[in-house]
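Student: The structure is given below, and queries will be raised subsequently.
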Amino acid sequence: MDPLLYVLDLIVFIGIFGIVSLSLNLEFGFAGLANFGKVAFFLIGAYTYALLSQTGIPFYFCLIASALVSAVFGLLISLPALRLRADYLAIAILAFGEILRLIVKSEDWLAGGDWGVTVARAISIEGASHRVDALINIGLVYFCLLVFFVVIQLLANSPYGRAMRAIREDELAAEVMGKDRTKFKAQALMMGSAMAGVAGALYVQYLHCVLPGMFMPMITFTVWIMVLVGGPGNNWGVLLGAALVQIIERGTNILKDYIRFLPVDPTLLERILSDLQYIAFGILIIIVLLWRPQGLLKESKIRSKVQRLAYDGRRAAKNKGS
Amino acid sequence: MAVNWAQVIFNSAVTGSLYLIGAVGLTLTYGLSKFPNFAHAELITLGAFVGYFVTEQLGLGWPLALLVAFISSGLLGFLCCCGIFQPLARRGSSIIHLMVASIALGFIFRHSIGAIWTWKPLYFTGTGSAFDFGPLRITHLWLWLIFAALALSLAMHLFMMYTKMGKAIRASSSNPGLAQASGIDVDRVIRVTWFIGAGLAAVAGVFRGADTQIWPMTGWDIILPIFAVAILGGIGNFYGAIVSAFIIGLAENVGVVGLMALGVSTTYRIGIAFLILIVTLIVKPQGLAMLFRRA
């Protein structure tokens, strides 16, 4: 494969998983929800896109529909699940993801069952080379990423985001201050699911196909690595985490293509390389949890107008005094 | 279509026995350490592979296979507890961090197993043949499985009621602070429980592997019903787990009959456990534990 295409491919994947990790950051980093079924909403977005795009609807409608359908499912699962303790919520959502994969796997009429179906590219130009295709996808993915990033960044610094963080830190205290925890959590889950849905749609249209095997619990786990390594509560951090994890993951795949040049038994290495990669991910996450639980970048401080005014005022007073 | 109900009931007992052996460790460690150990699935898988290694690759007998599987998974559970979960808990990690750590450990084990034994399904050979008993189709393995579950129930009952360690486990599970104040070394109790629980998971893995096939997802394939058993039975409650294991075994087997009658794919049998899990969590998160509370 052409080396430039490897890089473009990597950039697309970083963008897509950047969106998913931002959505988990909203749910876990800000609202403190243990969403262990991220892949479920990724799957819903992907299948919604795949099914709708077959009917010939323009791609932006399909993307919006993916977001909406995922959001609705996010809301539906939140209705019963949010009253539960963190561990019950985690088990319930994880189980939900597994069941969903089971459904798309056994229902052959729905997007081909276990064999999947091909999905049309969102934007395709006649006779475009692979490089141009990848560039178009980069444009599309990073446009979505930018929109979500700005929204979450604004949200995190708004009174709304502060209420969310307050609920994460102490549910009861936040409730006493008049913040409805169930409402905030449901909204976080809904927004996060919508974003994951869009990412799922972008993912399948980029890969040209959709199959149940693409939605293993592994996806949820990699997204958790991105958030925890990068720094929960810090949007730049989770993007950094997404980039790091994707570089390692794609790097291993590229390594597989070149492995025959290494002076070791290639068949054995090829077989165990992806296993080794996941073992390394597991060890990485345990090291982070043990020695740097706040992640690479610390949680971003809240920046608000009031805070800036207070800071300016303090400085002005100091200057007057001296 | 005529349904052989005797067979359905018998199969329920077999399924329930498997889930019981698999879930005991999960429910006990969940009750003591206060978080669900998702790596429990991989402790089951490891047991299956160690059992395979001993019987098929070394050619030794079943009792030895079960023993070696028990000890190796048990040691692994023990090491995870001392090396990772207890240090994390001491550092004040939240329950979410503990759960993520357990998932991470699960991935490490699963892929280590995959790297060693490959991802191709493997089969046990010496699992004995099936025979007919009245209207029932029975294998020796199933009889052994039911026997193992009965023996386990009895042994655990005696252990929990009449030994110092069993009493300490119950005390630490229901009130760790008070247990500590009464002179129980709660950390040690937790470590011992992890050893026993992980070892029992391995036993379930050997039976499951011998009954079907083994691959690195063996444990993950049955993790949903096992979680359902632990939650329906009431977390940390061994007696609840006995009842709920057979309820879920029955629900699955009757459900399969229902699914076939409706013409729906039987792969949804795992969905039945999911349904029970969700309903329990919503309606009565403490599960059947209240049935076994003593006045």
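Student: Suppose we keep only residues that are among the hydroxyl-bearing types (Ser, Thr, Tyr) and at pLDDT 90 or above within region B:86-116. Which one would you say is nearest to residue A:169 (Cα to Cα)?
Tutor: Once the filter is applied, the top-ranked residue is B:102.
Student: Testing residue A:50 on (1) in contact with a strand residue (DSSP E or B) (Cβ under 9 Å, 6 or more places away or on another chain); (2) modelled with pLDDT of 90 or more, one condition comes back false. Which one is that?
Tutor: (2)
Student: Could you check residue B:270 against (1) under 28 Å from residue A:107 (Cα atoms); (2) away from every other protein chain (no Cβ under 14 Å); (3) within 17 Å of the chain's Cα centre (by Cα) and say which number it fails?
Tutor: Status for residue B:270: all satisfied but (2).
Student: So which residues in region B:237-266 are of a type in the set (Val, Ile, Thr) and either crowded, with 24+ Cβ neighbours inside 10 Å or out of contact with any Lys or Arg (no Cβ under 7 Å at 6 or more places or on another chain) (or both), if there are any at all?
Tutor: Listed by number, the residues that qualify are B:242, B:243, B:247, B:248, B:254, B:257, B:264, B:266.
Student: Here are some residues: B:75, B:67, B:79. Which one is surrounded by fewer than 21 Cβ atoms within 10 Å (Cβ to Cβ), of a type in the set (A, V, I, L, M, F, W, C) and over 30 Å from residue A:293 (Cα atoms)?
Tutor: After applying the criteria, what remains is B:67.
Student: Spot the failing condition for residue A:193; the list is (1) more than 18 Å from residue A:36 (Cβ to Cβ); (2) buried (at least 21 other Cβ atoms within 10 Å of the Cβ), and only one is missed.
Tutor: (1)
Student: Here is a follow-up. Could you tell me which numbered condition residue A:41 fails, if it satisfies all but one of (1) under 11 Å from the mean Cα position of the chain (by Cα); (2) closer than 25 Å to residue A:252 by Cβ; (3) not acidic (Asp, Glu)?
Tutor: Answer for residue A:41: the failing condition is (2).
Student: Next question. Of all residues in region A:214-231, which are under 28 Å from residue A:99 (Cα atoms) and in contact with an Asp or Glu (Cβ under 8 Å, 6 or more places away or on another chain)?
Tutor: A:217, A:222, listed by residue number.
Student: Take the residues in region A:86-128 that are among the charged types (D, E, K, R) and more than 27 Å from residue B:30 (Cα to Cα); name whichever of them is farthest from the other protein chains (Cβ to nearest Cβ).
Tutor: Checked region A:86-128; the qualifying residue farthest from the other protein chains (Cβ to nearest Cβ) is A:126.
Student: Which is of a type outside the set (Lys, Arg), within 14 Å of chain A (Cβ to nearest Cβ) and out of contact with any Cys (no Cβ under 8 Å at 6 or more places or on another chain), of B:70, B:38, B:78, B:10?
Tutor: B:38
Student: Restricting to region B:114-148, give me the number of residues that are at the interface with another protein chain (Cβ under 9 Å from one of its Cβ atoms) and not small (Gly, Ala, Ser).
Tutor: Looking only at that region, the number is 3.
Student: Which residues, counting only those in region B:247-267, are more than 18 Å from residue A:99 (Cα to Cα), in contact with a helix residue (DSSP H, G or I) (Cβ under 9 Å, 6 or more places away or on another chain) and within 14 Å of chain A (Cβ to nearest Cβ)?
Tutor: B:260
Student: In region A:196-235, which residues are closer than 18 Å to residue A:12 by Cα, at pLDDT 90 or above and either touching a Cys at 6+ places or on another chain (Cβ under 9 Å) or aromatic (Phe, Trp, Tyr) (or both)?
Tutor: If the condition is that a residue be closer than 18 Å to residue A:12 by Cα, at pLDDT 90 or above and either touching a Cys at 6+ places or on another chain (Cβ under 9 Å) or aromatic (Phe, Trp, Tyr) (or both), then A:198, A:199, A:201, A:202, A:203 are the ones that fit.
Student: Mind checking which residues of region A:1-38 are outside any helix (DSSP H, G or I) and more than 17 Å from the chain's Cα centre (by Cα)?
Tutor: A:1, A:2
Student: Only one of (1) more than 19 Å from residue A:208 (Cα to Cα); (2) in a helix (DSSP H, G or I); (3) out of contact with any Leu (no Cβ under 8 Å at 6 or more places or on another chain) fails for residue A:132. Which number is that?
Tutor: Tallying (1) more than 19 Å from residue A:208 (Cα to Cα); (2) in a helix (DSSP H, G or I); (3) out of contact with any Leu (no Cβ under 8 Å at 6 or more places or on another chain), residue A:132 fails exactly one: (1).
Student: Another one. Within region B:16-31, how many residues are more than 8 Å from the chain's Cα centre (by Cα) and either of a type outside the set (Val, Ile, Thr) or surrounded by fewer than 24 Cβ atoms within 10 Å (Cβ to Cβ) (or both)?
Tutor: So the count comes out to 5.
Student: I've got another one for you. Got a sec? Which of B:219, B:234, B:209 is in a helix (DSSP H, G or I), within 14 Å of chain A (Cβ to nearest Cβ), buried (at least 21 other Cβ atoms within 10 Å of the Cβ) and touching a helix residue (DSSP H, G or I) at 6+ places or on another chain (Cβ under 8 Å)?
Tutor: B:219
The values are calculated or read from the model by the stated rules, or taken from the named source; none is laboratory data. Fair warning: this is a prediction, and the values are worked out from it, not measured in the lab. Cβ coordinates were reconstructed from backbone atoms using ideal geometry, including for glycine residues, and neighbour counts include every protein chain displayed.
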